1. Please pick out the residue among ILE202, ILE220 that is under 16 Å from LYS253 (Cβ atoms) and either assigned to a loop (DSSP other than H, G, I, E, B) or among the β-branched types (Val, Ile, Thr) (or both).
2. Does any residue in region 186-206 that is closer than 18 Å to ILE176 by Cβ and of a type in the set (Asp, Glu) come within less than 8 Å, Cβ to Cβ, of a residue that is within 16 Å of ligand 2 (Cβ to nearest atom) and in a helix (DSSP H, G or I) six or more places away or on a different chain, and which pairs are these?
3. Looking at (1) over 25 Å from SER318 (Cα atoms); (2) surrounded by 14 or more Cβ atoms within 10 Å (Cβ to Cβ); (3) not hydroxyl-bearing (Ser, Thr, Tyr), which is the one condition that is false for LYS423?
4. Within region 284-328, work out how many residues are in a helix (DSSP H, G or I) and either on the phi > 0 side of the Ramachandran plot or within 13 Å of ligand 1 (Cβ to nearest atom) (or both).
5. Filter region 132-187 down to residues that are within 13 Å of ligand 2 (Cβ to nearest atom) and not in a helix (DSSP H, G or I), then give me how many there are.
6. Identify, by number, the condition in (1) farther than 20 Å from ALA149 by Cα; (2) within 16 Å of ligand 2 (Cβ to nearest atom); (3) not in a helix (DSSP H, G or I) that GLY268 doesn't meet.
7. Looking at LYS214, is it over 30 Å from THR292 (Cα atoms), modelled with pLDDT under 95, away from ligand 2 (no atom under 16 Å from the Cβ) and surrounded by fewer than 20 Cβ atoms within 10 Å (Cβ to Cβ)?
8. Does ALA371 satisfy the criteria of being modelled with pLDDT of 90 or more and under 22 Å from ASN126 (Cβ atoms)?
Amino acid sequence: MLDKLTGIWAEFLDIVKKEVGSRIVDTWFKAITLNKWDSISKTVYLTPPNKFVKDWVCSNYKDLLSLHLGRLFNTQSINIEFVSSDVAQQTNDIVLANSPQPLSIEKKRRTSIANLSPIRGCINSNYTFDSFVIGPNNSLAHAAALAVADKIGQLYNPLFVYGGPGLGKTHLLHAIGNKLRETNGRAKVLYQSADRFVNEFIGAIRFDKLHQFKDKYKNIDVLLIDDIQFFSKKDQTQEAFFHIFNSLYESDKQIVFSSDTYPRDIEGLADRLKSRLESGLIVDVQKPTLETKIAILKRKAELSGEVLPDDIAYYTASVIDSNIRELEGALIRITAFANLTNRELTLELAQKVLNNVSRPSKTKLDFDDIAKIVCKSYGTTLKDLKSKSRSKNISLARQVTMFLMKDVLGASLREIGEFLKRKDHSTVLYSVDRIKEMCELEVEFDAKIKGMRSQLIN
Ligand code: ADP
Ligand code: MG
């Protein structure tokens, strides 16, 4: 029995990983054990490694737990109890007596097909418009999603949101669902990831439930399909979906898609489906700017009851590349580390926690940033650096620039040469070596270079 519960927990981890990413799973869920299931009271008992994890998971991921464990245990109203491991041990007998006949995969599929009714499910209540930070990278997508939630089926139909991973597409789809929950209680909203749609469709064929499958989608007012690129090369699914789309569209039902690319660029998708996807409004989400990243970090911290000092927010936003999911993972690691080790949340601690995972890379810092800092320090201009001037001060500033470009950005001699208009790469090589040597020989000079380096990195 316990093995089966472990299996269910593993399956839960798998699902959650897809939804919130492996960092969150590693940090919060991996160390929890699923101890027992009481099928009469529909209660699942979880044992967290400590109180901190329990509190965090309760305040941040309760909905996620209810949603997916509810599905895995095949119930719509699941109770979740956290117990210490000794309690779990003592009560194990009862547990086993009451345990569900854990669902075999086949049975689970069958019931999930038969259980097609809870149309309002699957919406993650943390992903709201309120918790979505608007920046120049996503304002259009945000506005379009909001408009769609206000006037379903009337404005932009279908709405198609595309963009790279971790940039808020899924969040926006759920936000539409959440908003409708508040404002339009009767609207039947279904969020479905495309890969689940595919699995559901396959299950429907296997168990001869196509009829129910089609009925389920016929009765929806708002259909939110996430990651439609998963339909790629699934011809039969595409065919089935095409009809569902047409029937909803013709009855003015709202359809919203997300995808990692523009419809036309999704490979292995039938042309007629592509043209449907392109027939409404297409908006993109792009990488956030530094300011937006900082605002997101602050908002996320606030939502979990933490106050994030400005310097840490700035540091985290500048070292983590623009994937918001990773940004969130970094924040969680920092706050978890501080809480678990009972230490104050300081910049130093944040640097320590993030040091191993994130190195500044070219995407965050560029040649101009380096040139700017060097010019400030040596009282020169970018034009001086690129000029032929051999004045002592300018030459030194130029060499320092070359050194930092190599050292901080890992740029190639060619790239550095091109930027500073030096055709001969050996000049660059010579400069880098010279500065290295000067650092070794002169303490003060070394401190100056370190100062510039840390301004760049922090
Ligand atoms: P995608 O579906 O584009 O891969 P998600 O919607 O899953 O990305 O977003 C990844 C994480 O980043 C989620 O936790 C989400 O809440 C968060 N996120 C993304 N964009 C924003 C934003 N603008 N404001 C607040 N949180 C955001
Ligand atoms: Mg997504």
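1. ILE220
2. none
3. Exception for LYS423: condition (2).
4. Count: 19.
5. 8
6. With (1) farther than 20 Å from ALA149 by Cα; (2) within 16 Å of ligand 2 (Cβ to nearest atom); (3) not in a helix (DSSP H, G or I) applied to GLY268, the lone miss is (2).
7. Against the criterion (over 30 Å from THR292 (Cα atoms), modelled with pLDDT under 95, away from ligand 2 (no atom under 16 Å from the Cβ) and surrounded by fewer than 20 Cβ atoms within 10 Å (Cβ to Cβ)), LYS214 qualifies.
8. So ALA371 fails the test.
The values are calculated or read from the model by the stated rules, or taken from the named source; none is laboratory data. Bear in mind that the values here come from a model prediction, so they are computed numbers and not experimental data. Don't worry about glycine lacking a Cβ; one is built from the backbone with ideal geometry, like all the others, and counts go over all protein chains shown.
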